[in-house]
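Please treat every number below as a calculation from the coordinates, not as lab data. As the structure is a computational prediction, the values presented were derived from the model and not from experiment. Because the Cβ atoms are built from the backbone with ideal geometry, glycine has one as well, and the counts that use them run over all protein chains shown.
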Amino acid sequence: MITHYAGLQLQTVSLPSVRHFYHEQMRFPIAYETDNRIAFQPTPHVTLTFVEAYEPVTPVHIAFEVPMSRFAEAAAELRKTQAVIQKWPDGKEIDVFETGENIYFRDCDGNLLELIAHRYLKEDVLAPTGPFHILYLREVGFPVDSVPAFREWLRQLLGMKLDKVSDEFTFVIGGTAHAVVVSKRRKWIPVSMLALPPKMEVTLGVSSYAFLAEVKSLLHMQDNCSFSETGTGLRLNKDGYTLHLTAQTAFDPELPALLNLPFS
């Protein structure tokens, strides 16, 4: 099974700006740094990497889960940074929905970030990290031409679950990882940002090497996805996106259930 987002690699046009925003403002620890890339460690289980690119950068949407009891504190901390907080049409910054609350903001490349908290999540399972009390990377946006085709590929190949299913938008869920599969025709809320496909590489943690073997067997029966084996797992290429599957992670496969996540 898919357990979590273990890594996300994005492009940037300015490594110094990224370093300033994520390290000095967000206070994410630096995992490593070279002349053309920098990687941050917002939690022990995920690495956020930026690679310098000499081309326009398409913004991505990502969301970090925080405990409900610490959400107000995290939002207050966010207001102290230089992040541009995105307001809803009625002027509010924080949206209160049926199961929780969230707040959206932008980084130096225009990426749409989100802090989100859910009331059903058990808070004594994972230790919050940093001044924003981040538990894990919850969401990554995948704008596509066909939401039904992409979500079914993820469901059938990786055994992920579906929620809020429509032809324009679907959550595809594996463990703590929520792929926000959205039509290119649907704009990101709350600021109606065009949902353009970003150039990114996503690393998904999996529960075992046996699961990787099952995925590899299924891939041999498909002709709509290219893949290769790597030293730690599998590399898939689908609809312009690169997905890495790795079983080399310390993330406990039981954590999603212990957190009381609905689709664990």
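Taking the square roots of five times each eigenvalue of the Cα gyration tensor of segment 188-257, the equivalent ellipsoid has semi-axes of 25, 19, 11 Å, listed largest first. Take the cross-link list Lys161/Lys238; Lys164/Lys184; Lys122/Lys161; Lys92/Lys122; Lys184/Lys238 and give me the ones stretching past 23 Å between alpha-carbons. Violating the 23 Å limit, Cα to Cα: Lys92/Lys122.
With contacts taken as Cα pairs under 8 Å at a separation of at least 6 residues, segment 182-264 carries a relative contact order of 27 percent. Applying the Karplus relation 6.51 cos²θ - 1.76 cosθ + 1.60 with θ = phi - 60° to segment 52-65 yields 3J(HN,Hα) values of 5, 9, 8, 6, x, 9, 8, x, 10, 10, 9, 9, 9, 7 Hz, where x marks Gly and Pro.
Dividing the mean sequence gap of close Cα pairs (under 8 Å, 6+ apart) by how many residues the chain holds gives a relative contact order of 22 percent.
Relative contact order for segment 119-262: 22 percent, from Cα pairs under 8 Å spaced at least 6 residues apart, divided by residue count.
Close amide H partners of Val60, meaning residues 5 or more places away or on another chain with modelled amide H under 5 Å apart, are Asn111, Leu112. Nearest 500 deg cm²/dmol is fine: what mean residue ellipticity at 222 nm does the chain get from its DSSP H runs of n ≥ 4 alone, each adding -39,500 (n - 2.57), divided by its residue count? Taking each H run of at least 4 residues, the total per residue is -4000 deg cm²/dmol. With N as its number of residues, the chain has a Cα radius of gyration that, divided by 2.2 N^0.38 Å, comes to 0.96. Near Glu98: Cβ cut-off under 12 Å, other residues only, Lys/Arg at +1 and Asp/Glu at -1. The net charge is 0. When peptides 40-51, 219-230 are ranked by their average number of other Cβ atoms within 10 Å per residue, the highest-first order is 40-51, 219-230.
Here the 3J(HN,Hα) profile of segment 125-136, calculated from phi with Karplus coefficients 6.51, -1.76 and 1.60 at θ = phi - 60°, is 9, 10, 7, x, 10, x, x, 9, 6, 6, 8, 6 Hz, Gly and Pro shown as x. A simple rule links phi to the HN-Hα coupling: the Karplus curve 6.51 cos²θ - 1.76 cosθ + 1.60 with θ = phi - 60°, which for segment 137-144 gives 7, 8, 10, 9, x, 10, x, 9 Hz, with x for Gly and Pro.
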